[in-house]
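Note sheet for the following structure.
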Ligand SMILES: Cc1ncc(COP(=O)(O)O)c(C=O)c1O
């Protein structure tokens with residue numbers, strides 16, 4: 001085998017393709033390590049990560065508080081299930097209740113965003129005794145049976161022979177439709193305050209307010225899926241707090257553990273009162289490692305004033321980055337959609353040449369920023385400069 005052949009055979013891209021199901025289109029670099037907002041690749045590049053591991057790396061990479069908490073917990077007690085109470089789990093739950101909107105004061109820990117939504121939807125059906133769920137067009141809630149059922153346009157990958165409940169989609173931001181569709185037959189309405197996968201599309205306060213009023217009127221459960229928008233990403237701990245709206249349930253994951261896989265359902269005690277031993281369950285949810293990571297993440301966001309930093313970086317991006325291919329910016333905080341004059345994939349590739357990694361979305365024209373909450377002024381300057389240097393559009397994209 002030639003040296004070039006040996007190198008190709010050792011490349012994790014080649015080995016993953018040979019050993020894994022190829023369900024992801026992968027980008028052309030291989031991270032080796034990361035620090036702060038920078039990824040260092042196997043071929044010696046340093047790339048500014050505005051994608052944050054898909055909105056996961058809230059504190060960036062190698063944050064001392066998070067690293068220390070994980071290492072300490074790892075050496076003390078790596079795992080025990082919910083069959084026993086744990087100091088570190090109690091602390092994580094108390095922290096989550098503290099940062100959640102007032103009135104949401106009970107937590108059920110899980111492992112992922114889809115699992116959180118799966119349980120929230122079950123809780124809506126159980127609490128109301130009803131069989132119909134409403135979701136919002138363009139929304140994304142995960143890939144499992146119930147979460148996929150409320151995801152817009154999931155038909156191409158859903159795969160299950162039927163959905164676990166009746167589902168209808170309210171056209172996004174359509175207040176008249178919301179009023180007509182929320183009735184006494186509806187168990188729950190699930191909504192992302194900022195639709196992440198859809199390109200960080202921020203729903204209006206009036207629309208969210210209508211969902212709140214109508215669900216209350218008809219005794220339906222309002223679920224805010226804050227898997228992507230939560231944990232400080234919108235400049236408040238949860239997107240609903242920016243709008244002054246209190247749902248009945250919030251689901252969280254992604255940034256929740258700063259990189260350690262975990263999720264949570266946070267609900268009112270009225271809803272929690274319907275559930276007793278055996279009604280909900282999970283093996284790994286609320287494990288001590290995840291609980292330590294959740295606590296460290298929340299405490300770091302508080303101690304370092306990161307909500308404030310998110311708002312400042314958002315303002316800076318809005319001021320400096322409507323430039324080059326970017327026509328306008330939607331979203332909130334560091335969950336932003338850069339609406340481009342050309343396919344977002346082209347802009348993503350061009351930014352990578354400037355050592356910047358941004359995400360795309362289900363809207364082909366929208367580039368997504370899901371940066372760590374520790375993003376610095378100089379990082380936004382780098383992004384603005386790269387956008388400005390991008391070649392102007394020379395052809396029609398119609
Ligand atoms: C809003 C939202 N909900 C749920 C999910 C699913 O989360 P997970 O991939 O952790 O199951 C995602 C993932 O992208 C998401 O963006």
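If you take the residues in segment 128-140 that are crowded, with 23+ Cβ neighbours inside 10 Å and either outside the structural domain of residue 175 (by TED's automatic domain parsing) or over 17 Å from residue 196 (Cβ atoms) (or both), which one is nearest to the ligand (Cβ to nearest atom)?
133
Please find, among 202, 173, the residue that is buried (at least 23 other Cβ atoms within 10 Å of the Cβ) and under 23 Å from the mean Cα position of the chain (by Cα).
Numbers: 173 fails: buried (at least 23 other Cβ atoms within 10 Å of the Cβ).
Every option except 202 fails the conditions.
Does segment 342-379 hold any residues that are farther than 25 Å from residue 26 by Cα and part of a helix (DSSP H, G or I), and which are they?
Of the residues in segment 342-379, the ones farther than 25 Å from residue 26 by Cα are 374, 376-378.
Passing the criteria: 377, 378.
Which residues, taken from segment 283-310, are over 18 Å from residue 100 (Cβ atoms), assigned to a helix (DSSP H, G or I) and either out of contact with any strand residue (DSSP E or B) (no Cβ under 9 Å at 6 or more places or on another chain) or not assigned by TED's automatic domain parsing to the domain that holds residue 99 (or both)?
The answer is 288, 303, 308, 309.
State whether one or more residues within segment 270-277 are touching a residue at least 12 places away in the same chain (Cβ under 8 Å), in contact with a strand residue (DSSP E or B) (Cβ under 7 Å, 6 or more places away or on another chain) and either crowded, with 22+ Cβ neighbours inside 10 Å or in a loop (DSSP other than H, G, I, E, B) (or both).
Among the residues of segment 270-277, not one is touching a residue at least 12 places away in the same chain (Cβ under 8 Å), in contact with a strand residue (DSSP E or B) (Cβ under 7 Å, 6 or more places away or on another chain) and either crowded, with 22+ Cβ neighbours inside 10 Å or in a loop (DSSP other than H, G, I, E, B) (or both), which makes the answer no.
Of everything in segment 311-341 that's part of a helix (DSSP H, G or I) and in contact with a helix residue (DSSP H, G or I) (Cβ under 7 Å, 6 or more places away or on another chain), which residue is surrounded by the fewest Cβ atoms within 10 Å (Cβ to Cβ)?
320
Working carefully through the options 338, 375, 393, find the one that is touching a strand residue (DSSP E or B) at 6+ places or on another chain (Cβ under 6 Å), touching a residue at least 12 places away in the same chain (Cβ under 8 Å) and outside the structural domain of residue 85 (by TED's automatic domain parsing).
Numbers: 375 fails: touching a strand residue (DSSP E or B) at 6+ places or on another chain (Cβ under 6 Å); 393 fails: touching a strand residue (DSSP E or B) at 6+ places or on another chain (Cβ under 6 Å).
338 is the lone residue from the list that is touching a strand residue (DSSP E or B) at 6+ places or on another chain (Cβ under 6 Å), touching a residue at least 12 places away in the same chain (Cβ under 8 Å) and outside the structural domain of residue 85 (by TED's automatic domain parsing).
Between a residue in segment 99-125 that is assigned by TED's automatic domain parsing to the domain that holds residue 135 and any residue that is part of a helix (DSSP H, G or I) and within 12 Å of the ligand (Cβ to nearest atom), which pairs come within a Cβ distance under 6 Å, given they are 6 or more apart or on different chains?
110/116; 114/147; 117/147; 118/146; 118/147; 121/146
Sort out which residues of segment 162-203 are outside any loop (DSSP other than H, G, I, E, B), within 16 Å of the ligand (Cβ to nearest atom) and over 17 Å from residue 133 (Cα atoms), and write them in order of number.
Across segment 162-203, the qualifying residues are 194, 195, 201, 202.
Just to be sure I understand, how many residues within segment 83-121 are within 16 Å of the ligand (Cβ to nearest atom) and more than 21 Å from residue 290 (Cβ to Cβ)?
Of the residues in segment 83-121, 1 are within 16 Å of the ligand (Cβ to nearest atom) and more than 21 Å from residue 290 (Cβ to Cβ).
Among the residues of segment 250-269, count how many are assigned to a strand (DSSP E or B) and within 13 Å of the ligand (Cβ to nearest atom).
The total comes to 7.
Within the set of pairs 6+ apart or on separate chains, which have a first residue in segment 143-162 that is more than 16 Å from residue 122 (Cα to Cα), a second that is at pLDDT below 95, and C-beta atoms under 7 Å apart?
Matching pairs, first to second residue: none at all.
Output the number of residues of segment 216-235 satisfying the condition of being more than 16 Å from the ligand (Cβ to nearest atom) and crowded, with 24+ Cβ neighbours inside 10 Å.
2
The values are calculated or read from the model by the stated rules, or taken from the named source; none is laboratory data. Treat the numbers as computed from the prediction; the structure is a model and nothing was measured. Methodologically, a virtual Cβ is constructed for each residue, glycine included, from the backbone with ideal geometry; neighbour enumeration extends over all protein chains shown.
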